[in-house]
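> Just dropping this structure here.
The values are calculated or read from the model by the stated rules, or taken from the named source; none is laboratory data. It should be emphasised that the depicted structure is a prediction, and the values quoted were computed from it without experimental measurement. Please note: Cβ atoms are built from the backbone with ideal geometry, for glycine as well, and neighbour counts cover all protein chains shown. Side chains are part of the model used for accessible areas, which takes the heavy atoms of the whole protein and leaves out ligands, DNA and RNA. Shrake-Rupley method; radii C 1.70, N 1.55, O 1.52, S 1.80 Å.
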Amino acid sequence: MTAEEGKAPRPRVQLVIGIVRQGHEVLLVRESLGSGGEMRWSLPGGGVEDGELMHEALRRELREETGLLVGDPVRTAFLMHIDSEEHPSAVAAAFEIDEWSGDIAPQDDDIEHAAFFPLPDALKLLGELDSATQREPILGYLTGAVASGATWLYRNRGTQERLVARW
């Protein structure tokens, strides 16, 4: 048996991201996303747990991060497939949510704050994300520069993030 064969397989990472709107505003959460642990604004979401389907994880994550009860997604905003050294073959799916209720009250200790922002302000805040992987698909979708349902493929090695393909 080779050393490679003796290694335990790394778990696949699956993430969900929610886009919740209130009129011309977008819901963002503030959490530690900067390259040095700085607090940044981003869309709410998180990991899919074993035995969860994406829409179930989305409802759970948004409840934890924002306090809102959300309905099922109404459309796929974008998909990302990211191959990195730390997380080989990670998949992230972003969904639009039309139905939600409740008051903003984050219950996740990683979330410093959650709030709705007018789209221009949200785009400015999202543009401050350090990682192209985090930033480009979100900005592309929210500005309408990239069609709904677009797929983004990234290969990240060390500090280099490379967009391999998009359709």
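> Out of the total accessible area of segment 63-167 (probe 1.4 Å, heavy atoms of protein only), what percent is carbon and sulfur?
With neighbouring chains kept in place, the figure for segment 63-167 is 50 percent.
> Still on this model: Which entry in (i) 45, 31, 26; (ii) 48, 41, 35; (iii) 57, 33, 31 matches Cα extents along the principal axes in Å derived from the coordinates of this structure?
(iii)
> Can you find, among Gln22, Pro88, Gly36, the residue farthest towards the positive end of the dipole of the chain? Put +1 on the C-beta of Lys and Arg, -1 on that of Asp and Glu.
Of the listed residues, the answer is Pro88.
> Solvent-accessible area per residue for the chain at a 1.4 Å probe radius, Å²?
Details: 9150 Å² over 167 residues.
Heavy-atom accessible area per residue stands at 55 Å².
> At a 1.4 Å probe radius, which order do Val74, Val26 fall into by accessible area, largest first?
Details: Val74 70, Val26 0 Å².
Largest accessible area first, the residues go Val74, Val26.
> About the Cα centre of segment 118-161, how large is the charge dipole given +1 on each Lys and Arg Cβ and -1 on each Asp and Glu Cβ? Please answer in debye to the nearest 20. Walk me through the intermediate numbers first.
Values: 4 positive and 5 negative charges, 32 e Å.
Around 160 debye, computed over segment 118-161.
> Rounded to the nearest 10 Å², what accessible area does Met39 show when all protein chains are kept and the probe is 1.4 Å?
60
> So what is the calculated 222 nm ellipticity per residue for the chain, using -39500 (n - 2.57) for each DSSP H run with n of 4 or more, over all residues, to the nearest 500 deg cm²/dmol?
Here the helix-only value at 222 nm equals -6500 deg cm²/dmol.
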